[in-house]
1. Summing Lys, Arg as +1 and Asp, Glu as -1, what charge do residues with Cβ under 15 Å from the Cβ of residue 368 carry, residue 368 excluded?
2. Give me the Å³ per residue figure for the convex hull around the C-alpha atoms of the stretch 25-184.
3. For the stretch 97-211, what is the accessible area per residue in Å² when the probe is 1.4 Å?
4. So how compact is the stretch 17-74: Cα radius of gyration and Dmax in angstrom?
5. Between residue 587 and residue 134, what length comes free when the chain is fully extended (0.36 nm per residue of separation minus the Cα-Cα distance, one decimal in nm)?
6. If you place +1 on the Cβ of every Lys and Arg, -1 on the Cβ of every Asp and Glu, and leave all else neutral, what size is the dipole of the stretch 117-243 about its Cα centre, to the nearest 20 Debye?
7. Quick one: putting +1 on the C-beta of Lys and Arg, -1 on the C-beta of Asp and Glu, what dipole do you get for the stretch 326-434 around its Cα centre, in Debye to the nearest 20?
8. Residue 330 to residue 380: FRET efficiency via 1/(1 + (r/R0)^6), r the Cβ-Cβ distance, R0 25 Å, to the nearest 0.05?
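The values are calculated or read from the model by the stated rules, or taken from the named source; none is laboratory data. A quick note: this is a predicted structure, and the numbers were derived from the prediction, not measured. FYI the Cβ positions are ideal-geometry reconstructions off the backbone, even for glycines, and counts take in every protein chain you see. Areas reflect the complete protein model, heavy atoms only, side chains present, ligands, DNA and RNA absent. Shrake-Rupley method; radii C 1.70, N 1.55, O 1.52, S 1.80 Å.
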Amino acid sequence: MGKPKHYRPPGKKKEGNAARYVTRSQAIKILQVSLSDFRKLCIHKGVFPREPKKKVKGNHHTYYHLKDVMYILHDPLLEKFREIRAYQRKIKKAKAKKNDELAKLLLSRAPSYRLDMVIRDRYPTFIDALRDLDDPLTMVHLFAMLPAIDRLKIEVKRIHNCRRLCHEWQAYISRTHKLRKVFVAVKGIYYQAEVDGQKITWLAPHARQQVLTDDVDFNVMLTFLEFYEALLGFVNFQLYHSINVKYPPILDPRLEALAADLYALSRYFDANHRAAIQEPQVAGSSRSEQEQEESDLRLAQLQHQLPANEPGALMHLVQDASSEIEEDETTRNCKNLFQNKKIFLSREVPRESLLFVIPAFGGIVSWEGDGAPFAESDDSITHQIVDRPTQGHVYLSREYVQPQWVYDCINARIILPTEPYMVGRDPPPHLSPFVDDEAEGYVPDYAKTIRQLQAAAKSDIQPLPGTGNDELDNSQNMLAEGFINRTEAMEAAEKKQEMMFLEKQYHNELKMELQGVSSINKLNSEDTESKEQSLPDVEEQSAEDPSRLMMSRKKRGLYKAIEMGKQQKKERVEKLKERKRNIEAAQKSEKKHKKAQVS
């Protein structure tokens, strides 16, 4: 009988992958916990399965790094889980003996655990927590829309907590104008915010009835949710304190009952802001002379600490301050997008999303229902968001637009014309702000239109070819007045001569085309080109083959994959162009058919 695979003589120490990695069953034996508790510990501590190069026990096992298992072994959470498991046995024993009083007493005193130290351990700094906030926000927004089902252990209290955390996060983003991109997709609404230099993207599902399937393990999702709730609570606490707002917020119970949580939070922010302004005024009026002397002393110390001997020291300080203002320029632009715009929401539009998005870009918003800041009959309303083909009562002092207009204005950062988005019309295509059109190789027509509107709004419209010669003509005058030096004037003169030569050449070609000379040349050139295309390009092949032959197999495969990616991108662009041509042809045929019917 031969030796088994991965044979190790007795007494020899484990080495390599056999010593570094353990299977899941081995990890459970080391930790002495159940499989469900092991999953919980791995999720809370951020431990995930590994893929060793050489799988010692076979390919059908899940492997963990031994260091990760030992890291869990020395965690206080493991002892807490063991204590809870032992306590649950006591409750089960009391219920089996039909001792209901003891079971109730034990349930009321059941031990619990907190994830504060786990979050502190996994995220040493606040920036680390912000970097890892995409998945927590998506998960919390998902559970905020789910129905409560006891069979799946989805409790009402947990759903309410998720809704509260979502509204607190949205209220902060809306108040500080940190929202940057919005895209409405089939899955839901994608948002992107920028907090402390970190771009955070999350997905919020549409507000409609969610159907839960049986092929999803909700126990694992609820364990993730437990950790994400604690993390988002800490993040909200830090963000609210950074803008001097008390956390958790105390909301108006009347607005909470009317499901107007975001509006209630905005009012809470306003109240805190007024209190923060009034407190310094009261403190300043009652300040004594001793405090004034202390402040003067601090100013004197600061002046001594400034690097006055170093040249340009104060200039560096001013530059630092201006750089901070430049970083905040995008926030200022976002804040002023819907400035002086009063928007009213009809009952059929996505209210929660628009209540979050419009104030984030400086607009004032109201809705149809109780608790609204202003009614539909208000004359100062500039826009009304409607998503139905006809409108009963129409006010002439406002514009009626579809909800897509708001999202497209946000992504374009300009107020777009409302005509394409009017009620009853098919709106323009809703372009994703997360796609780089130039990198993809296809720029939609509406994207070009938006760019033209952006250029017109910024007054950056470039002059037409042949109309920008004034600077070249005035080069000598500018040299005489001292605006430019001699070399710049010489360059301008050379450019002027080149443009004159090109203009003459263009006129000569036009004359030759009129005489019919160029047509003969074109025919000759087309014949030569067709002959060249029919013959195999031996020179190019001979130039390409040596370079490929010199590559290693790995680099050749990588080069082939790059070429395939480029080809796939070209095919995708061609498909889009073909689809566009088909749509245009269908539209033309429809127009012709309508004209024929009318005539």
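1. Details: positive: 342, 347, 351, 388, 398; negative: 348, 352, 370, 376, 378, 387.
So the environment of residue 368 carries a net charge of -1.
2. That works out to 210 Å³ per residue.
3. Working: 6510 Å² over 115 residues.
Heavy-atom accessible area per residue stands at 57 Å².
4. Rg, Dmax (Cα atoms, Å): 10.7, 29.
5. Computed gain between residue 587 and residue 134 is 158.9 nm.
6. I would put it at about 480 debye.
7. Using Cβ point charges on Lys, Arg, Asp and Glu, the stretch 326-434 gives about 140 debye.
8. Values: r = 29 Å, r/R0 = 1.14.
The value I calculate is 0.30.
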